[in-house]
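Read the structure below first, then the notes.
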Amino acid sequence: MQVRALNEFSAKNESDGCLLCYTAPCTKSCPHGLDPAKVIRSFRFENISDAAEGVGDGELCKACEEKSCKEACLKGKIDRPVRIPQLLDFVGNWQNQQGKRKLTKVDLGIEFCGVACENPFFLSSSVVASNYDMVARAFAMGWAGAAFKTIGTFVPQEVSPRFATIRKEGNSFIGFKNIEQISDHTLAENLDYMRRLKQDFPHKVIIASILGQNEAEWTFLARQVTEAGVDIIECNFSCPHMTGEGLGSDVGQNPELVALYTAATRKGTHLPILAKMTPNLGNMETPALAAMKNGATGIAAINTIKSIMNIHLDNFISEPQVDGKSCVGGYSGKTVKPIALRFIHDMKKHPGLKDTPISGMGGIETWRDAAEFIALGCANLQVTTSVMQYGYRIIDDLCDGLATYLGEKGFYSVQEMVGMALSNLVQADELNRHTIVYPKFDRSLCLGCGRCYLSCFDGGHQALAMDGATSIPILNSKMCVGCQLCAVVCPVGAISPSKRIEA
């Protein structure tokens with residue numbers, strides 16, 4: 001039986017189904033020495049150019065009769081293996097169709113708060129950067145820096161479990177909740193970790209995240225980490241679930257406390273200071289300005305969002321469940337990216353903050369996510385949830401994907417792209433309200449599923465009808481307002497915007 005070739009839609013589905021194994025059996029079994037696991041990962045994380053590099057001209061895969069990669073796929077133990085040969089064939093054909101493209105040589109190095117960084121990617125202050133061995137391993141794999149997990153003068157008593165996720169249909173998860181507090185190591189242990197990291201990796205950047213309980217502690221902690229040799233200090237004004245009053249986001253919501261504790265931190269150091277902002281408020285510019293006026297060098301945004309997740313309707317217990325109880329925690333992951341970008345935009349558009357260095361975080365999983373933060377003005381990026389899902393190895397996909405994109409666009413450096421999107425974001429009353437963009441239907445791609453019809457009829461403007469003979473949607477332009485809801489819900493990309501015309 002002839003196996004049907006993959007199109008772009010089915011190829012994406014195949015890559016999304018990959019388990020992203022640690023020591024991938026498909027790669028170990030390839031008789032030609034290729035790395036199909038890396039190809040699939042690159043394709044899945046929207047870096048098809050690098051995926052194509054791993055396939056070459058595709059002739060080895062086409063000529064291979066063993067198909068041992070597919071037979072070794074662990075997903076076959078669940079339902080069916082990923083169709084690896086066809087997926088690699090699709091990637092190889094894409095490369096042949098595109099031809100050899102000329103890429104500008106890109107320097108991923110960038111300066112942030114006066115500190116040179118080999119690339120913009122840092123581990124954010126969390127469990128992914130919580131001891132010497134972890135951070136050293138990340139540095140060896142290519143991460144430019146790490147915001148070490150927040151330290152203080154006390155060691156919190158943690159709970160079990162600490163994590164929960166929210167899922168949507170076939171996705172592994174789209175949102176992540178944690179109820180962890182600051183580092184569970186002593187201050188002495190953490191200072192030793194940071195000291196050793198700086199000694200062993202002098203060209204990497206160490207950000208010390210600190211959290212004090214009063215002015216004296218903020219100054220004391222700043223002095224301690226400065227003496228340990230870190231490069232930057234981050235003031236954690238934003239953890240949403242600290243157990244003590246006057247800690248975490250309680251501080252970040254109070255501009256007076258932000259000002260007071262930033263000034264206290266400045267007393268203890270000459271190093272650049274980042275004020276880490278909480279999104280659990282309406283206007284981030286106010287505390288950000290308070291920090292900048294009292295000694296901060298830049299802003300880190302955003303921390304996690306206060307959340308309650310997954311109330312089980314059999315026993316009415318929320319997650320993560322700790323002996324039958326839960327609490328408000330911090331929400332992160334892909335779905336917080338639009339919220340993070342909005343806060344960063346607001347600060348970059350404020351006259352008093354437009355030149356402020358911003359370390360961006362919140363929903364960065366792929367190089368494309370990272371590029372969006374850079375386009376809105378971030379010269380530094382911090383990552384946690386992606387590492388927790390895919391491991392430190394994601395740095396390869398982040399760096400390769402960003403470098404390829406910048407090279408294709410003709411940029412020579414990351415810095416050239418910083419803030420490029422800001423001019424295209426305007427006030428709502430400045431948008432063009434005198435033209436319309438009708439949807440355009442590609443009949444060759446349409447499956448006749450009727451998703452567009454359902455959404456338009458029940459959630460839109462009743463501008464679509466279904467052809468009874470062909471199950472193909474028919475547009476009534478007199479009813480259509482150009483909202484593009486039909487294009488949003490189409491599962492195969494058969495609907496796209498047409499040319500903008502006068503309304």
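Among His270, His350, which comes first, then next, by fewest other beta-carbon atoms within 10 Å?
His270, His350
Considering every Cα-Cα pair within the chain, what fraction, in whole percent, is farther apart than 38 Å?
The answer is 35 percent, as a whole percent.
What does the charge count around Ala421 come to, taking other residues whose C-beta lies under 12 Å from its C-beta (Lys +1, Arg +1, Asp -1, Glu -1)?
+1
Tell me the GluC sites (Glu not before Pro) within segment 147-191 that lie in a loop according to DSSP and have at most 14 other beta-carbon atoms within 10 Å.
Qualifying residues, ordered by number: Glu158, Glu169.
Summing -39500 (n - 2.57) over the DSSP H runs of n ≥ 4 in the chain and dividing by its residue number, what mean residue ellipticity at 222 nm do you reach, to the nearest 500 deg cm²/dmol?
My calculation for the chain gives -10000 deg cm²/dmol from helical runs alone.
Could you work out the relative contact order of segment 357-503, using alpha carbon pairs under 8 angstrom and six or more residues apart, expressed as a whole percent?
Once normalised by length, the contact order is 21 percent.
Tell me, Val488, Val387 in order of fewest to most beta-carbon neighbours within 10 Å?
Val488, Val387
Please compute the contact order of the chain in relative form: average sequence separation of alpha-carbon pairs under 8 Å and at least six residues apart, divided by the residue count, as a percent.
12
Which order do Lys348, Lys499, Lys62 fall in if you start with the one that has the fewest other Cβ atoms within 10 Å?
Starting with the residue having the fewest Cβ neighbours, the order is Lys499, Lys62, Lys348.
Checking the cross-link filter: which lysines have an alpha carbon closer than 30 Å to that of Lys306, excluding same-chain neighbours under 8 positions apart?
Straight-line reach from Lys306, under 30 Å: Lys149, Lys168, Lys177, Lys276, Lys293, Lys325, Lys334, Lys337, Lys348, Lys349, Lys354.
Would you mind counting up the charge near Phe45? Only other residues with Cβ under 10 Å from its Cβ, with Lys and Arg at +1 and Asp and Glu at -1.
Computed value for this residue: -4.
Applying 1/(1 + (r/R0)^6) with R0 = 25 Å to the Cβ-Cβ distance of Asn96 and Cys64, what FRET efficiency is obtained, to the nearest 0.05?
My answer for the efficiency is 0.90.
Evaluate 2.2 N^0.38 Å with N set to the residue count of segment 396-503, then give the Cα radius of gyration divided by it.
1.44
Quick check: pseudo-label points 7 Å beyond the Cα along Cα→Cβ at Thr23 and Ile308, how many nm apart are they?
Placing both labels 7 Å along Cα→Cβ, they lie 4.6 nm apart.
Can you give the convex hull volume of the alpha carbon atoms of segment 8-98 per residue, in Å³?
Given the Cα convex hull of segment 8-98, per-residue volume reads 84 Å³.
Which far-off residues, 5 or more places away or on another chain, put their amide H under 5 Å from the one on Ala300, with H placed in the peptide plane?
Ala275, Lys276, Met277, Ser359
Would you list, by chain and number, the aspartates and glutamates whose Cα falls below 13 Å from the Cα of Lys38, excluding same-chain residues fewer than 8 positions away?
Answer for Lys38, where 13 Å is the Cα cut-off: Glu46, Asp50, Glu53, Asp396, Asp397, Asp400, listed by chain and number.
Explain nothing, just the number: relative contact order of segment 432-502, from Cα pairs under 8 Å at least 6 residues apart, as a whole percent.
Once normalised by length, the contact order is 47 percent.
Please list the equivalent ellipsoid semi-axes of segment 48-139, computed as the square roots of five times the alpha-carbon gyration tensor eigenvalues, in descending order and whole angstrom.
36, 24, 9
Taken together, the values in this text are just the output of simple stated rules run on the coordinates, not laboratory data. Since the model is a prediction, treat every value here as computed from it, not as a measurement. Methodologically, a virtual Cβ is constructed for each residue, glycine included, from the backbone with ideal geometry; neighbour enumeration extends over all protein chains shown.
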